[in-house]
Amino acid sequence: MRRRVFPFQSPKGMHDILPADFLYIERVERALAKVAHFYGFERIETPVLEDVRLFERGTGPTSEIVTKQMYVVKGKRDTGILALRPEMTPGVFRAYIQHGLSRLMMPGKLYYNGPAFRHERPQAGRFRQFQQVGFEVLGTGDPAYDAQVIMASWRLLSELKLKNVTVRVNSIGCGLCRPVYVRRLKEYYKKKISGACRTCQKRFKENPLRLLDCKEPKCQPLKEEAPVSLDSLCSTCKNHFTAVLELLEGTGAPYLVDQFLVRGLDYYSRTVFELFAEGIDAALGGGGRYDYLSEALSGPRMGAVGVALGVERIVEAQKTQSTVVPARSTPDVFVIYMGDEAKKKSFALIEEFYKEGLVARESFSRESLKSQLRAADKEKTRLALILGQREVFEEVIIVRDMRTGNQETVSLKKVVETVKKRLH
């Protein structure tokens, strides 16, 4: 007989997060909370949908995120055109300004954890719906916070026991010295651009810095002799970058100055960086300083620095490196029943364990003692509680040690107390 094919699948580029993957994701989230608490970051969550203009102005009208990858939603008359957030930073900045958080926290040290959406070609570690975690420091231009954001993101990956996590860092200058560098870059590429890929030919006109970000093999030789941004920095940017490196130097965090590192979003200035781990080709995260983003959003002038890391890529790195992930915790007890009255009593008993802070499992869909014992064994629980019709009538319950097979009968009124003694 031909097997019927289920007609529905997850949308292309979207993915289901299955229970086994949550062992890795929950580990990332625990490490995120630990690192955030240590460095004094407070959690923020912004809407999944934002005014499309927030990203057009903030992320940049020529960025690929805005021109190719945003999911745009036509809202109702009172909302205008909305976009599923392709990244978090503009929304965090918007919330910080809108709610006057600068009066309560200066600098504003915030962290986030949530989904973002980009319509791009799906590949390993890259999805159209993906989860990002990140740190933002708003309202300061102090290079110490560039270094602290780098350290927080490096610590996060180190907490996950990823091997050989390194940071690549560069400075792309400010509004005064970067135009000088861009002119030098365009002058260099002017006679070579015909040999570049189509994407780079477009970038040459719209965003020349992105020429250095190209991964196409035919474009690699072109950038080998390209001018580097560090040679065009003004004295203020040089001092800023030197301060960042000096701060990192005393931490033991491995970093490498990558003179060709740029970031794809228009709002970056001065410090930019990316994080890598052994055996993983793509960056696990990246960030930098964005001192002009607030003004681009019609807000007050303020310095800021931040980082975003892709959870799916971090999970893939843990799997690739065979990082040991703690197994799902085992229950304290497994409640087994035989008969309808015992089932009712078991249901109530499980709630008693909840009140006492103990974890109880069951298998109400199974009827036989043998199948329920197999389920208890699969859960690797230490104690099984067996309740039949006779036990209900006598108000007792059998406590069985699943390791030794030994069992005793105790009063139902004292079973919680007995279990606590057995477990501690």
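Taking Cα atoms only, the orientation of helix 178-189 departs from the longest principal axis of the chain by about 80 degrees.
Of the residues Gly100, Gly299, Gly114, the one that moves most in a GNM of the chain with alpha-carbon contacts below 10 Å is Gly100. Computed over the chain, the per-residue total of -39500 (n - 2.57) for DSSP H runs of n ≥ 4 gives a 222 nm mean residue ellipticity of -10500 deg cm²/dmol, rounded to 500. For segment 333-423, lysine pairs separated by 8 or more sequence positions, or belonging to different chains, with Cα-Cα distances below 21 Å total 23.
Computed over all pairs of different Cα atoms, the Kirkwood value for the hydrodynamic radius of segment 133-174 is 11.8 Å. Result for the chain in a Gaussian network model with C-alpha springs under 10 Å: among Arg77, Arg183, Arg27, the largest mean-square fluctuation is at Arg77. Which of the aspartates and glutamates could a cross-linker span from Lys215 if the Cα-Cα distance has to be under 12 Å and same-chain partners fewer than 8 positions apart are dropped? Reachable aspartates and glutamates: Asp281. Setting aside same-chain residues fewer than 8 positions from Lys191, which aspartates and glutamates have a Cα under 18 Å from its Cα? Counting by Cα, and skipping residues close in sequence, Lys191 has these aspartates and glutamates nearby: Glu206, Glu224, Glu225. Using a Gaussian network model of the chain in which every pair of alpha carbons under 10 angstrom is joined by a spring, one finds that among Phe393, Phe55, Phe93 the greatest mean-square fluctuation is at Phe393. Annotation: segment 333-423 has a Kirkwood hydrodynamic radius of 12.8 angstrom, from the mean reciprocal C-alpha pair distance. Taking other residues whose beta carbon is less than 14 angstrom from the beta carbon of His240, and scoring Lys, Arg as +1 and Asp, Glu as -1, yields 0. Among Leu176, Leu248, sorting on how many other beta-carbon atoms sit within 10 Å of each Cβ, with the fewest leading, yields Leu176, Leu248. Compared with the dominant principal axis of the Cα atoms in the chain, helix 369-378 is inclined by about 30°. Using the Karplus relation 6.51 cos²θ - 1.76 cosθ + 1.60 with θ = phi - 60°, the per-residue 3J(HN,Hα) values for segment 307-316 come to 8, 10, 10, x, 5, 4, 5, 5, 4, 4 Hz, with x marking Gly and Pro.
Evaluated with a Cβ-only charge set (Lys, Arg +1; Asp, Glu -1), segment 333-423 carries a dipole of roughly 360 debye about its Cα centre, given to the nearest 20. Counting other Cβ atoms within 10 Å as a rough exposure proxy, the listed residues Arg128, Arg121 run Arg121, Arg128 from fewest neighbours to most. With one equal scatterer per alpha carbon and no solvent term, the Debye-computed log10 I(q)/I(0) for the chain at 0.08, 0.09, 0.11 1/Å reads -0.60, -0.70, -0.90.
Once you list every other residue whose beta carbon is under 9 Å from the beta carbon of Leu110, what net charge do they have if Lys and Arg are +1 and Asp and Glu are -1? Taking every other residue near Leu110 into account, the sum is 0.
FYI, it's all coordinate maths here, none of it is from the lab. From a predicted model like this one, the values you see are computed outputs, not experimental measurements. In this analysis, Cβ positions are derived from the backbone assuming ideal geometry, glycine residues included, and neighbour counts consider all displayed protein chains.
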